[in-house]
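Below is one structure, written out as structure tokens; the observations come after it.
The values are calculated or read from the model by the stated rules, or taken from the named source; none is laboratory data. All values derive from a computational prediction rather than experimental measurement. Note: ideal-geometry Cβ built from the backbone for every residue, glycine included; neighbour counts use all protein chains shown.
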Amino acid sequence: MSHRRRNIIGGVVVAILVVAVVIIMLPRPVTVLGTVTTSGSGTYATGIVFTGSSGKTYSAGVSNGKFSISLANPGTYSIQVNWAGAYSWQGDIADVPNPLKLNVGLGGASTVSENISLRVPDSSVTLTGTASANATDMHPVEMIFIGSVDDLAYTTKVLNGTFSITLPNSQAYIVMMTENGLQGYAGTCNAGSLNVYVSAGSSSAQVGAMSC
């Protein structure tokens, strides 16, 4: 074999070895295994989106509070979570305050864990309040709340001028009040409207006095 041919073959072998070493040393994607929990009763996460510093997004579904996704390594990712409530109109996209920072070196773990907790409103909340009749010979006996989204009526008794009721959160209600009076008279009047938007961290609220 000629000296020139040996040099060519040797150069090819060296080049192949260099390429192989470069490939081995290239950072590899990392699988992120995680959980997402939501604070609000009746709520759950449905999906998660990771956005890299270049703007590229990576999406995964969330099932039973768990997700799995492959992300480019190294990288820093902002996180958004899609969540839903017990009722069809409830849900939103929530930003996770802390970004995910991946920097797994050679020989490092191929998977990392990321556990996320979100504060979101409860699906249902308990409201308490007072009710009174404008007419002196009448007294309230029942409150009726009609949802503006689901169009359902929710009723509760009025006892000694007070009431308590659990309602779906995040919708407005038309409020009707049933009254009884002297000589067996009974009637229903419009007591106005009520916006029920109780924020995360609270499962109950006091509403203003209602009358008609």
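List of remarks:
- Taken together, the residues in segment 50-64 that are part of a loop (DSSP other than H, G, I, E, B) and touching a Gly at 6+ places or on another chain (Cβ under 8 Å) amount to 2.
Here is a yes/no grid of residues against (1) modelled with pLDDT of 95 or more; (2) within 24 Å of the chain's Cα centre (by Cα); (3) hydrophobic (A, V, I, L, M, F, W, C); (4) assigned to a strand (DSSP E or B):
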residue	(1), (2), (3), (4)
L127	yes, yes, yes, yes
A135	no, no, yes, no
M143	yes, no, yes, yes
D150	yes, yes, no, no
T178	yes, no, no, yes
Q183	no, no, no, no
G187	no, no, no, yes
N195	yes, yes, no, yes
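- Residue within segment 65-76 that is outside any strand (DSSP E or B) and closer than 30 Å to S123 by Cβ present: yes
- Taken over segment 168-193, the criterion of being closer than 24 Å to S123 by Cα and either crowded, with 18+ Cβ neighbours inside 10 Å or in contact with a helix residue (DSSP H, G or I) (Cβ under 7 Å, 6 or more places away or on another chain) (or both) is satisfied by P168, N169, S170, Q171, Y173, V175, M176.
- Residue match in segment 30-49 (condition: at positive phi, in contact (Cβ under 8 Å) with a residue 12 or more places away in the chain and either in a loop (DSSP other than H, G, I, E, B) or polar (S, T, N, Q) (or both)): yes
- Residue within segment 101-109 that is modelled with pLDDT of 95 or more and either assigned by TED's automatic domain parsing to the domain that holds P168 or out of contact with any strand residue (DSSP E or B) (no Cβ under 9 Å at 6 or more places or on another chain) (or both) present: no
- Residue within segment 76-86 that is in contact (Cβ under 8 Å) with a residue 40 or more places away in the chain and farther than 18 Å from G47 by Cβ present: no
- Selection count, segment 81-113, where residues are in a strand (DSSP E or B), surrounded by fewer than 16 Cβ atoms within 10 Å (Cβ to Cβ) and not basic (K, R): 8
- Per-region count, segment 115-161, residues over 27 Å from W89 (Cβ atoms), free of Cβ contacts under 8 Å to residues at least 24 places away in the same chain and not β-branched (V, I, T): 3
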